[in-house]
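The values are calculated or read from the model by the stated rules, or taken from the named source; none is laboratory data. This one's a predicted model, so the numbers in the text were calculated from it and none came from an experiment. Because the Cβ atoms are built from the backbone with ideal geometry, glycine has one as well, and the counts that use them run over all protein chains shown. Surface accessibility is based on the protein's heavy atoms, side chains included, excluding ligands, DNA and RNA. Shrake-Rupley method; radii C 1.70, N 1.55, O 1.52, S 1.80 Å.
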Amino acid sequence: MKQSPYILYSDGNGNIFEDTSLLACGRSGWDALVPDPGEWIALPSGGQLYELPERRGIGIDVKTGEMRLCEKGWAVAAFIPPAFTGTYLAAYETFPEAVTLPLFCYTAVGWYKDQFYVTAVKTENDIRQLPEGFDETRIQEGVDHYLAAYPHNRLVKHLAENCCLTYHCPAARNYFLGRWECPIPSSPACNANCIGCISFQPEQESITSTQERLLFKPTAAEIVEYTVPHLISAPFPIVSFGQGCEGEPLLMWPTIREAILEIRKHTDKGSININTNGSDPSAVEELCKAGLDSIRVSMNSAREQVYTPYYRPNNYSFADVVQSLKVVNSYGGWTSINYFVFPGMTDSLEEYEALRDLIRKTGLKMIQWRNFNIDPDWYLESVHVIETGPSLGIRKMMSKLRKEFPQLRFGYFNPPMERIRGDFQSDFAR
Ligand code: SF4
């Protein structure tokens, strides 16, 4: 874009308007600022707009050039779809009585010539979560088919009734469409207490988790029964332990180990992946010995002093998380971090140095640049950040890392074996 878009505001009843007396700003850390016009892209398909009660948008007066509040209504932010990473947060001033915002991402958004614009960058070619790729009729047919095929399998029942038909989880919907990544939730418990946990929020918190946690411990037989046929028949197949509807899968490592050994007796196709907080490197080693192909370790920061107040770990430390990545790398496995991007924190000079160090130390293969689904004010307060310090800008940080680590892959999703073996160009639209 050649100019910044105009700011948006809502009337509090879900109606959104542009205010052409103000250009939209972005937020980095605690600061409102003017993003370079080149940062703005058209709102991608699947994006949504949120009104932010008890918050006033911050903009630049088109006449005076002054930064001021939009007093016409509540601030507005965008939820941008997977495969795109936000480079600035929505800029607003929060009233003292404002309630905490729910667990979504709040990206800067504006309006220009009949089009919504957001500050974001495309980080993924893979189409697995494109909204137009989900055919409701075929999904329902898939659910009916698999429930009939596995009548006694509690996991398939959980994936059908909760994940697919209630939460509309893209991974579960892709499973019932017989393609790509298939989820394997396995753990009702967790050994961390993440502030923004999407499967469990303490009663005293004003926000709710976006999904309920699994209530049972699946058996290895239940896992193997539906994952082997998926690996054999699905295009670009991946089966992934560690989903949003559970706790920490490493707490179930003996069952997962047994399942991996059994799966590999039936097929060597596809990738067996685990999404984890990486808390137990010795359990990770047992899974590597059994045949684990890939690990994705979630983290809000590569700095222990930012990681720990967010994850609030029980009986493990950041050093264990780093060690888990090293273990998988030593077995020749694929290593990714599920990197929660928070403009101002992620691209701060301190974080950039810590991330470079982590990449070197662990031989990291991939960064999945995920939008951080959390109320920005609540997050910074919870990790005790008053000042985020000088920052690079998300796009600039990405290009510096690309130059320094040419082998390092960027994306948003766990790669199938075809990608792990090198084909990072295709969008797997087959
Ligand atoms: S590691 Fe996952 S399940 Fe555990 S508290 Fe954090 S977000 Fe929740």
Out of all the residues in segment 326-335, is one or more in contact with a helix residue (DSSP H, G or I) (Cβ under 9 Å, 6 or more places away or on another chain) and within 16 Å of the ligand (Cβ to nearest atom)? no
Of all residues in segment 169-199 being within 16 Å of the ligand (Cβ to nearest atom) and polar (S, T, N, Q), the one that is most open to solvent (accessible area, probe 1.4 Å): ASN193
In segment 251-280, how many are open to solvent by less than 40 Å² (accessible area, probe 1.4 Å) and either under 16 Å from SER336 (Cβ atoms) or more than 16 Å from the ligand (Cβ to nearest atom) (or both)? 14
Among the residues of segment 120-148, which ones are touching a residue at least 40 places away in the same chain (Cβ under 8 Å) and either open to solvent by less than 40 Å² (accessible area, probe 1.4 Å) or part of a helix (DSSP H, G or I) (or both)? ALA120, VAL121, THR123, GLU124, ASP126, ARG128, PRO131, GLU132, PHE134, TYR146
Picking from ALA302, ALA319, the residue that is within 16 Å of LEU358 (Cβ to Cβ) and open to solvent by less than 20 Å² (accessible area, probe 1.4 Å) would be ALA302
Where in segment 258-356 are the helices (runs of 4 or more DSSP H), entirely inside, with at least 1 residues that are in contact with a Gly (Cβ under 7 Å, 6 or more places away or on another chain)? 281-290, 318-330
Across segment 207-231, which residue is nearest to the ligand (Cβ to nearest atom) among those that are in contact (Cβ under 8 Å) with a residue 60 or more places away in the chain and within 22 Å of the chain's Cα centre (by Cα)? SER209
Evaluation of GLY178 against (1) in contact with an Asp or Glu (Cβ under 9 Å, 6 or more places away or on another chain); (2) at pLDDT 95 or above; (3) assigned to a loop (DSSP other than H, G, I, E, B) (one fails), failing number: (1)
Restricting attention to segment 1-29, report how many residues are without any contact (Cβ under 8 Å) to a residue 40 or more places away in the chain and either among the basic types (Lys, Arg) or in contact with a helix residue (DSSP H, G or I) (Cβ under 6 Å, 6 or more places away or on another chain) (or both). 1
Contact list please: Cβ distance under 7 Å, first residue in segment 262-285 and modelled with pLDDT of 95 or more, second residue of a type in the set (Ser, Thr, Tyr) and away from the ligand (no atom under 15 Å from the Cβ), pairs at least six apart or on different chains. ILE263/THR227; SER271/SER294; ASN273/SER294
